[in-house]
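Novice: Pasting a structure below so you can have a look.
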Amino acid sequence: MTVKRRNHGRSKKGRGHVKFIRCDNCFQACPKDKAIKRFNVRNMIEAAAKRDMAEASVYESYDVPKVYYKLQHCVGCAIHNRIVRVRSRVNRRNRAPPPRFRQEFKKPTGAPAAVKASA
């Protein structure tokens, strides 16, 4: 029989049974190894409130704590919410992770020297 994916859309390998989880979107029961899992990291405070807090704060720099939570979706919701995309038969063989786009924070180079020279 023809097979669409070499792992049959799961990652259980030798295990006979895997416990179910509930999809965070539709609450459908989905095997834990088949669910699409993403780890989400966000600031506890939104950007506007963070600016207000920085202005009212006594401290010069304060790192706002982050919220870490794990999202688990069934296949249908992950496709619908564009967490994963449908790929062609040739591209399905590609097992490499997608490229990460991270913001590079560059420190200002000329600002501190100008402040010292004027003082």
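Novice: Given the condition assigned to a strand (DSSP E or B) and either out of contact with any Leu (no Cβ under 7 Å at 6 or more places or on another chain) or touching a residue at least 40 places away in the same chain (Cβ under 8 Å) (or both), answer yes or no: does some residue in the range 46-65 qualify?
Specialist: Here is the first cut: in the range 46-65, the residues assigned to a strand (DSSP E or B) are none.
No; the residues of the range 46-65 include none that is assigned to a strand (DSSP E or B) and either out of contact with any Leu (no Cβ under 7 Å at 6 or more places or on another chain) or touching a residue at least 40 places away in the same chain (Cβ under 8 Å) (or both).
Conditions tested, residue by residue: (1) over 21 Å from the mean Cα position of the chain (by Cα); (2) of a type in the set (Gly, Ala, Ser).
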position	(1), (2)
His8	yes, no
Ile21	no, no
Asp24	no, no
Pro31	no, no
Ala48	yes, yes
Gln72	no, no
Val86	no, no
Asn94	no, no
Arg102	no, no
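Novice: Mind checking which residues of the range 41-86 are polar (S, T, N, Q) and modelled with pLDDT under 90? It would help to see each step written out before you state the result.
Specialist: First, pick out the residues of the range 41-86 that are polar (S, T, N, Q): 43, 57, 61, 72, 81.
Within the range 41-86, Ser57, Ser61 meet the criteria.
Novice: While we're looking at this one, here's another question. Quickly run through the range 21-45 and pick out the residues that are part of a strand (DSSP E or B) and open to solvent by less than 60 Å² (accessible area, probe 1.4 Å). Spell out how you get there, then give the answer.
Specialist: As a first pass, look at the range 21-45 and keep what is part of a strand (DSSP E or B): 21-22, 29-31, 36-43.
Passing the criteria: Ile21, Ala29, Cys30, Pro31, Ile36, Asn40.
Novice: Can I ask one more? Of the residues that make up the range 12-20, is at least one surrounded by 10 or more Cβ atoms within 10 Å (Cβ to Cβ), at pLDDT 90 or above and within 24 Å of Pro98 (Cα to Cα)? Reasoning before the result, please.
Specialist: Keep residues of the range 12-20 that are surrounded by 10 or more Cβ atoms within 10 Å (Cβ to Cβ), which gives 12, 18, 20.
Those still in the list that are at pLDDT 90 or above too: 12, 18, 20.
With the extra rule that they be within 24 Å of Pro98 (Cα to Cα), the set shrinks to 12.
So far as the range 12-20 goes, yes, one or more of its residues are surrounded by 10 or more Cβ atoms within 10 Å (Cβ to Cβ), at pLDDT 90 or above and within 24 Å of Pro98 (Cα to Cα).
Novice: If the Cβ limit is 8 Å and pairs must be 6+ apart or interchain, which residue in the range 9-30 that is in contact (Cβ under 8 Å) with a residue 12 or more places away in the chain pairs with which residue that is open to solvent by less than 40 Å² (accessible area, probe 1.4 Å) and β-branched (Val, Ile, Thr)?
Specialist: Qualifying pairs under 8 Å: Arg10/Val18; Lys12/Val18; Cys30/Ile21.
The values are calculated or read from the model by the stated rules, or taken from the named source; none is laboratory data. Since this is a predicted model, take the numbers as computed values, not measurements. Neighbour counts are summed over all protein chains in view; Cβ atoms, including those assigned to glycine, are modelled from backbone coordinates with ideal geometry. Please note that ligands, DNA and RNA were not included when accessible areas were found on the heavy atoms of the full protein model with its side chains. Shrake-Rupley method; radii C 1.70, N 1.55, O 1.52, S 1.80 Å.
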